[in-house]
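I have placed the structure first, in the form of structure tokens, so that the comments after it can refer back to it.
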Amino acid sequence: MGLSASKRVKTSLVKSSEFDTACDSAFTHCLSLTQHAFDGVLPYQLFTASDHIHHSLLSLPDHRRHSLILKWVPDPPSRAQVDSAFKKVTHDRPKDESSDVIGSTRFKEWAVVLYVDAAVGNAGKAVLSQVPIGIAGIAGIGALTRSRRELIGTAAGAYAVGVATWIYLSLSG
């Protein structure tokens with residue numbers, strides 16, 4: 001299927017002017033909350049920034065809303081997701097760079113990691129919830145019609161691949 005799901009989502013977000021604008025707005029909002037006392041965002045502000053980004057993306061007019069966010073991140077990321085993304089972004093930073101203040105470039109990197117993880121995680125949950133239900137339905141119909149096991153297995157496999165493919169393709173936004 002080509003690129004991995006996370007790369008598809010990342011590419012979609014990085015190319016999105018709406019996502020870029022939402023990140024800039026959240027960054028500016030966080031600076032204003034500290035009355036520009038710092039050159040960037042403080043780690044404790046990231047949860048608020050995440051909510052601001054999410055609200056900004058969902059407040060756009062219908063024709064400008066990012067379909068990937070609408071479908072796969074309908075609720076703002078959790079605090080645990082925010083913290084996890086922050087750890088991923090600061091894990092490989094140079095020794096001389098402080099993690100106390102997050103500049104605009106690292107902030108955007110954090111936002112991309114956060115929303116990629118949230119979208120891919122929710123898509124994975126969708127696969128895990130939809131496939132077993134569909135397979136159970138196929139098995140039930142197969143039992144009622146007394147179909148051959150091979151036919152039921154083939155239908156279940158095709159269904160699972162179809163659901164996974166549909167979700168994968170929807171991750172490009």
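The values are calculated or read from the model by the stated rules, or taken from the named source; none is laboratory data. Everything numeric in this text was worked out from a predicted model, so none of it was measured. Using ideal geometry, Cβ is built from the backbone for each residue, glycine included, and neighbour counts are taken over all protein chains shown. Calculation scope for accessible area: heavy atoms of the full protein, side chains included, ligands and nucleic acids excluded. Shrake-Rupley method; radii C 1.70, N 1.55, O 1.52, S 1.80 Å.
Here are some notes:
- Each residue of the stretch 76-85 is assigned a 3J(HN,Hα), and the resulting list reads x, x, 6, 4, 4, 5, 4, 5, 4, 5 Hz, derived from the Karplus form 6.51 cos²θ - 1.76 cosθ + 1.60 (θ = phi - 60°), x at Gly and Pro.
- Solvent exposure ordering (accessible area, 1.4 Å, most first) of 101, 41, 113: 101, 113, 41
- Accessible area (Å², 1.4 Å probe, nearest 10) - residue 86: 40
- Cα point-scatterer Debye curve for the stretch 18-120, base-10 log of I(q)/I(0) at q = 0.21, 0.22, 0.25 Å⁻¹: -1.07, -1.16, -1.43
- Counting only protein chain heavy atoms and rolling a 1.4 Å probe, the accessible areas of 65, 106, 149 rank, largest first, as 149, 65, 106.
- Estimated inter-spin distance, residue 58 and residue 146, nm [label 7 Å along Cα→Cβ]: 5.2
- Straight-distance crosslink candidates among lysines, where the alpha carbon sits under 29 Å from residue 125 and sequence neighbours closer than 8 are dropped: 7, 10, 15, 71, 87, 88, 108
- Modelled label positions at residue 100 and residue 18, each set 7 Å beyond Cα in the direction of Cβ, lie 3.9 nm from each other.
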